[in-house]
Each structure stands twice: as C-alpha cells, then as structure tokens.
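Accompanying notes for the structure given below.
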Amino acid sequence: MPRQIFPSSSRVSSNSPTPATPWPPFARDLGYDGPPFPWDEDRRALLRAELDAWYAHAYGLTRDELRYILDPADVKGPDYPSETFRVLKTNEIKRFGEYRTARLVLAAWDRLERGELGAP
C-alpha cells in the first residue's frame, strides 16, 4: 500500500503556492520528476480525500467506521454529543453549503471499494 500512496503524496506536496519551496525535491524523492502542479484547491481536496480513503482502508476500517470518524452524528444521530472535526465541518458548511470533506472522502472510499480508484 505505501508505494501506491507515494504518487499522490508527491502531487499533493508539490502543489505549492510559492516557487521557493522544499517540496519539489521531496516529490522527486518519491518518484515524481515533473513540474509543480498549479495551485488548485479543488484538486487538492480530491487528492486529500483519496489519501484519507486509502489510509482508512489500510487501517482496516469499514465505511461506517470511517463515517463515524468524519462525523459521529452521521452514524449515531443528530443528538449524539461528540464531534470530531467541528471547526472543519462548520467552515465547510458555511463555504460550500455541505461538509465537503466527508462527502469527498466517502466518495473516494466507494470508488476504492469498486476498484475504480487506482493507485493514488
């Protein structure tokens, strides 16, 4: 599994907003020798979601366990007293009208389970 994660890691790490950055040498160490990818927040969100899905899978989590980590109330009901990513969820609902990270991670999980998510 780790070798499968390296390509996405290098893409995420080399997606830097500044030209003076230590990330391109790190990306080359991971096997990527192209130019830095342009800054694209939506692309970064998708890549992070794919990595999160891969890590959850590598740790042997089920989809429901991943749902619980992302948002316990999604599994236990709206009155459940615990939250894991309250600030992230609140900020994303304000900005995107939804808890985007949870949707993207679970969608990546589903693609992984169907064999549609190749090596990251």
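Numbers for the structure displayed
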quantity: Semi-axes of the equivalent ellipsoid for the stretch 40-120, Cα gyration tensor, largest first, Å; calculated: 21, 17, 9
quantity: Trypsin sites (Lys or Arg not before Pro) within the stretch 37-120, DSSP loop, no more than 10 other Cβ atoms inside 10 Å; calculated: Arg114
quantity: Stretch gain in nm, segment Phe96-Arg28, where the contour uses 0.36 nm per residue and the Cα spacing is subtracted; calculated: 21.1 nm
quantity: Estimated inter-spin distance, Ala73 and Asp40, nm [label 7 Å along Cα→Cβ]; calculated: 3.3
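Each reported figure results from applying straightforward, stated rules to the coordinates on display, with no laboratory input. Fair warning: this is a prediction, and the values are worked out from it, not measured in the lab. Neighbour counts run over all protein chains shown; Cβ positions are idealised from the backbone, glycine included.
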